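Below is one structure; the comments refer to it alone.
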Amino acid sequence: MKFFIDSADIEAITEFTKSGMVDGVTTNPSIIAKSGRDFKDVIKEICSITSGPVSAEVTATNAEGMIEEGLVLSKIAKNVAIKVPLTWAGLEACKALSDKKIMINVTLCFSATQALLAAKAGATFISPFIGRLDDIGEDGMDLIRDIKTIYDNYPMLKTEILAASVRNIEHVKKAALYGADIATLPPQVVSELANHPLTDKGLKAFLDDWNDSGQKIL
Ligand code: E4P
């Protein structure tokens with residue numbers, strides 16, 4: 001499973017990239033606004049840190065505008081993926097831009113039929129929003145499972161399932177169990193991934209015993 005970082009926090013992206021676990025980055029207009037930085041500058045900087053896909057979202061609401069914005073954003077770097085919303089205009093833009101061999105991430109997906117449309121429109125990635133479905137009392141993981149089943153039924157569909165709106169480690173585990181290709185994770189969730197209290201406890205005991213032994217490796 002690939003991990004993307006869902007953030008425009010340069011320090012966090014740089015730090016996690018060093019671990020070799022980062023396969024790409026996703027942003028959205030809210031994340032960019034929170035960064036307080038110029039959109040194109042920050043996308044350019046992220047693209048210089050990771051060679052994986054970096055999602056930059058259009059803000060036009062009609063297909064023509066989305067295509068125009070997508071073409072501009074795609075020139076920032078080779079690894080920019082254009083993010084378009086799952087609307088009819090977004091699907092039209094997805095088709096037009098993917099026909100030009102530009103990577104497309106179709107975002108704000110909340111149903112399996114929406115995911116089917118995105119795949120037919122040539123999306124590189126489909127982003128089902130797990131956490132936001134949980135927020136309204138549904139189980140976001142059901143959506144991952146349904147999309148996986150549908151895509152597997154039609155091997156000609158090459159769209160990758162990018163689990164988004166991931167809020168905790170349980171989401172990551174279930175997304176992996178149900179076959180999502182990628183999960184995009186806020187930095188806080190990435191930090192928590194390697195943590196376990198028994199790891200900390202076990203390591204402390206090993207080091208205490210080691211120190212008592214008086215030995216050294218180097
Ligand atoms: C994904 O691409 C989105 O940027 C993100 O995962 C949305 O997450 P949220 O629902 O926590 O805002």
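Could you look through segment 194-208, keep only residues that are among the charged types (D, E, K, R) and open to solvent by 90 Å² or more (accessible area, probe 1.4 Å), and pick out the one that is nearest to I169 (Cα to Cα)?
Per the stated criteria, the residue is D200.
Looking at segment 124-174 only, could you name the residues that are in contact with a Pro (Cβ under 9 Å, 6 or more places away or on another chain) and open to solvent by less than 10 Å² (accessible area, probe 1.4 Å)?
F125, G140, I144, I147, I161, L162, A163, A164, V166
Taking the condition of being among the polar types (S, T, N, Q) and away from the ligand (no atom under 15 Å from the Cβ), how many residues in segment 73-107 meet it?
Counting residues in segment 73-107 that are among the polar types (S, T, N, Q) and away from the ligand (no atom under 15 Å from the Cβ) gives 4.
Among (1) in contact with a Cys (Cβ under 9 Å, 6 or more places away or on another chain); (2) open to solvent by 30 Å² or more (accessible area, probe 1.4 Å), where does V54 come up short?
(2)
Yes/no matrix, rows are residues, columns are (1) touching a residue at least 24 places away in the same chain (Cβ under 8 Å); (2) not hydrophobic (A, V, I, L, M, F, W, C):
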{"residue": "I161", "(1), (2)": "yes, no"}
{"residue": "H171", "(1), (2)": "yes, yes"}
{"residue": "A175", "(1), (2)": "yes, no"}
{"residue": "G179", "(1), (2)": "yes, yes"}
{"residue": "A183", "(1), (2)": "yes, no"}
{"residue": "V189", "(1), (2)": "no, no"}
{"residue": "T199", "(1), (2)": "no, yes"}
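Please return the ranges of helices (runs of 4 or more DSSP H) entirely within segment 1-71 where 3 or more residues are charged (D, E, K, R), away from the ligand (no atom under 16 Å from the Cβ) and without any contact (Cβ under 8 Å) to a residue 40 or more places away in the chain.
10-18, 39-49
Can you name every residue in segment 1-36 that is under 14 Å from E57 (Cβ atoms), open to solvent by 30 Å² or more (accessible area, probe 1.4 Å), among the aliphatic types (A, V, I, L, M) and within 16 Å of the chain's Cα centre (by Cα)?
I31 - this is the single residue of segment 1-36 that is under 14 Å from E57 (Cβ atoms), open to solvent by 30 Å² or more (accessible area, probe 1.4 Å), among the aliphatic types (A, V, I, L, M) and within 16 Å of the chain's Cα centre (by Cα).
Given E69, E92, which one is acidic (D, E), at pLDDT 95 or above, surrounded by 17 or more Cβ atoms within 10 Å (Cβ to Cβ) and touching a helix residue (DSSP H, G or I) at 6+ places or on another chain (Cβ under 6 Å)?
Exactly one of E69, E92 is acidic (D, E), at pLDDT 95 or above, surrounded by 17 or more Cβ atoms within 10 Å (Cβ to Cβ) and touching a helix residue (DSSP H, G or I) at 6+ places or on another chain (Cβ under 6 Å), namely E92.
The values are calculated or read from the model by the stated rules, or taken from the named source; none is laboratory data. Since we're looking at a predicted model, the values are computed, not measured. Note: ideal-geometry Cβ built from the backbone for every residue, glycine included; neighbour counts use all protein chains shown. Note: areas computed on protein heavy atoms with side chains; ligands, DNA, RNA excluded. Shrake-Rupley method; radii C 1.70, N 1.55, O 1.52, S 1.80 Å.
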